[in-house]
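> Got a structure for you, questions after.
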Amino acid sequence: MKTKTPRLVLGAFLAIGLSTLVSCGGSDSASDTTVAGTPATPVITVSGQWARTSPDATDMGAAYLTINSDADDTLVSAMVDSSVAAMAQIHEMVPVENGMATGSTMAGSPSTTMDSSAMTMKEVDHIDIVAGTALELKPGGYHVMLMKLVKPLLTGETFKVTLTFTKAGAVVVDVPVLEDAP
């Protein structure tokens, strides 16, 4: 008799468990309990990358490129190897308020400008990338600023820039040095 009691209790628990499972999954009108997975990592493509040959007297340079993504993302930083420059930042050319600004030129010397069309550079902490829309980093707009160049950028050389995105992570790009835009 003692051996039948544990089997009966076990059977009762199994019956209760099965009936609970059956009642939970019943109708199509019940709310969806599917757990959404994490979204896929955006696919970033970079094209048209280049940097202009720099004059001997400067310790700054700039890299330009076009970014495309299949999902919204955010460019949050750029890095360059220390053998090229001490640092890289994402910059934007912006109009100068009141037509007067003190900024720096590509030669690194201070400049003051009085002109209604005067522009200056400023660092930005991010650039939003819209899925399916090309973001062009170009002269006169957004660009990767190379600061404290180790040596001038010479035509024919290539260096790597690492772009970091919020969702896609790090993307390494080979940047050729050219006289003019491709």
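> Do you know which residues across the range 161-182 are loosely packed, with under 13 Cβ neighbours inside 10 Å and charged (D, E, K, R)?
Matches in the range 161-182: D174, E179, D180.
> Right, something else. For the range 33-44, check the following and say yes or no: at least one residue is surrounded by 12 or more Cβ atoms within 10 Å (Cβ to Cβ) and either at pLDDT below 55 or in a strand (DSSP E or B) (or both).
Yes.
> If M119 passes every condition in (1) farther than 17 Å from A88 by Cα; (2) exposed (fewer than 12 other Cβ atoms within 10 Å of the Cβ) but one, which one does it miss?
Checking M119 against (1) farther than 17 Å from A88 by Cα; (2) exposed (fewer than 12 other Cβ atoms within 10 Å of the Cβ), the one that fails is (2).
> Just the residues that are surrounded by 15 or more Cβ atoms within 10 Å (Cβ to Cβ), out of contact with any Ser or Thr (no Cβ under 7 Å at 6 or more places or on another chain) and not aromatic (F, W, Y), please, taken from the range 47-64.
Residues satisfying the conditions are Q49, A51, R52, S54, T58, D59, M60, A62, A63.
> Looking at the range 47-59, I want the residues that are over 17 Å from P139 (Cα atoms) and have a partner that is acidic (D, E) and surrounded by 14 or more Cβ atoms within 10 Å (Cβ to Cβ) with Cβ atoms under 9 Å, at least 6 apart or on another chain. Which pairs are those?
none
> Give me the pairs: first residue in the range 157-182 and closer than 30 Å to A40 by Cβ and at pLDDT 95 or above, second residue among the small types (G, A, S) and in a strand (DSSP E or B), beta-carbon distance under 6 Å, and six or more apart or on different chains, which are they?
Filtered contacts from the range 157-182: V161/A63; V161/A78; T162/A170; L163/A78; T164/S77; T164/A170; V175/A51; V175/A63.
The values are calculated or read from the model by the stated rules, or taken from the named source; none is laboratory data. All values reported here derive from a predicted model rather than from experimental measurement. Glycine also receives a Cβ, built like all others from the backbone with ideal geometry; neighbour counts cover every protein chain displayed.
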